[in-house]
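Structure first, commentary second.
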Amino acid sequence: MSETDKAKGADLCRECEAKVFEKDGSQREEMARPADSAGKKKEIWWVVSVGSLLGFTGIGFLTCFLLPRSESDWFGIRYLLVIGGAGLVGCLLCVIFAIISLNRREKRSLWAVGAAFPSSLILMVCFTFAMNQHAKQENYQNWATSYKNYKQEIIANPEIVLSEHWATTADATKETAFRESFGDPAVYYDLRLLKRIYNEVPRMREYVFLHPACDREFIEEHFDEAFKRAEKVNYTMLASMMKNPNTPIELVEKVASSKGMVMGAVEPARYALQKRKGGNEDGQ
């Protein structure tokens, strides 16, 4: 092979290599362009984050505008619930999409973060409030169960309040059940037991006279004490007597017409007097 042929072969090889490199370069550019355009198209999560917050809040206001008016809803509770519910949904979606935007490292993800920060605070406040309400409801249910059980114990055996020293218990629920048992007609206290409670448990004296087992003589015996106590210390005992149907009507009239007596005792006396006179007129 001559030197000329060798030179021509070398030129052909260089031309082939140049064409190959040119072809590879164009292919790489074509592959890179769609990737760049796809990356730009995917930067939408920050828009979705901000838009979800504004959109659902707007939907809440629009729904309220379209709702029919209600005269019974003085404070607009329905509207507040609609706006609040839609706003909470918007806050939740805003936070979720903001996290996605940050995870994808979008250039404008700070817009999503700016909307998600107050949204997350609102969600935390609502969640804390809901948890507190749930805890209160659970505590009330536990209290109501204990209260009912204590009441059933008293109904089954009224003597238990003295035999087990309920008045000195540290259990506030048990003490409440004991105190309110005097106004419960299902609890059968006899006069003997009520007198024992009056003498042995001074802190319950104010409520003993609520029970209908207290007869006229027992009430008359302690009326002056209750009247003086109402003028100086506490009117609860006198008010309990006024609510008892066995209290003599002349004593009720005395309290009802008393000018210096506190209204806490006068009002039940007037109510009892009106009720008795109304019952007598109906009977006639």
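Where a number appears in this text, it was derived from the coordinates with a stated rule and is not lab data. As the structure is a computational prediction, the values presented were derived from the model and not from experiment. Neighbour counts are summed over all protein chains in view; Cβ atoms, including those assigned to glycine, are modelled from backbone coordinates with ideal geometry.
For the stretch 207-234, enumerate the residues that are of a type in the set (Val, Ile, Thr) and assigned to a helix (DSSP H, G or I).
Answer for the stretch 207-234, where residues must be of a type in the set (Val, Ile, Thr) and assigned to a helix (DSSP H, G or I): VAL208, ILE219.
Answer yes if at least one residue in the stretch 137-150 is over 23 Å from the mean Cα position of the chain (by Cα) and within 30 Å of TYR188 (Cα to Cα), and no otherwise.
Checking the stretch 137-150: at least one residue is over 23 Å from the mean Cα position of the chain (by Cα) and within 30 Å of TYR188 (Cα to Cα).
Being in a helix (DSSP H, G or I) and under 36 Å from the mean Cα position of the chain (by Cα): is that true of MET237 here?
Yes, satisfied.
From the list GLU175, GLU138, pick out the single residue that is part of a helix (DSSP H, G or I) and surrounded by 17 or more Cβ atoms within 10 Å (Cβ to Cβ).
Exactly one of GLU175, GLU138 is part of a helix (DSSP H, G or I) and surrounded by 17 or more Cβ atoms within 10 Å (Cβ to Cβ), namely GLU175.
Which ones in the stretch 94-112 are surrounded by fewer than 19 Cβ atoms within 10 Å (Cβ to Cβ) and of a type outside the set (S, T, N, Q)?
If the condition is that a residue be surrounded by fewer than 19 Cβ atoms within 10 Å (Cβ to Cβ) and of a type outside the set (S, T, N, Q), then ILE96, ILE99, ILE100, LEU102, ARG104, ARG105, LYS107, ARG108, LEU110, TRP111 are the ones that fit.
Given the structure, is GLN152 more than 30 Å from THR247 (Cα to Cα) and in a helix (DSSP H, G or I)?
Spelling it out, it is not the case that GLN152 is more than 30 Å from THR247 (Cα to Cα) and in a helix (DSSP H, G or I).
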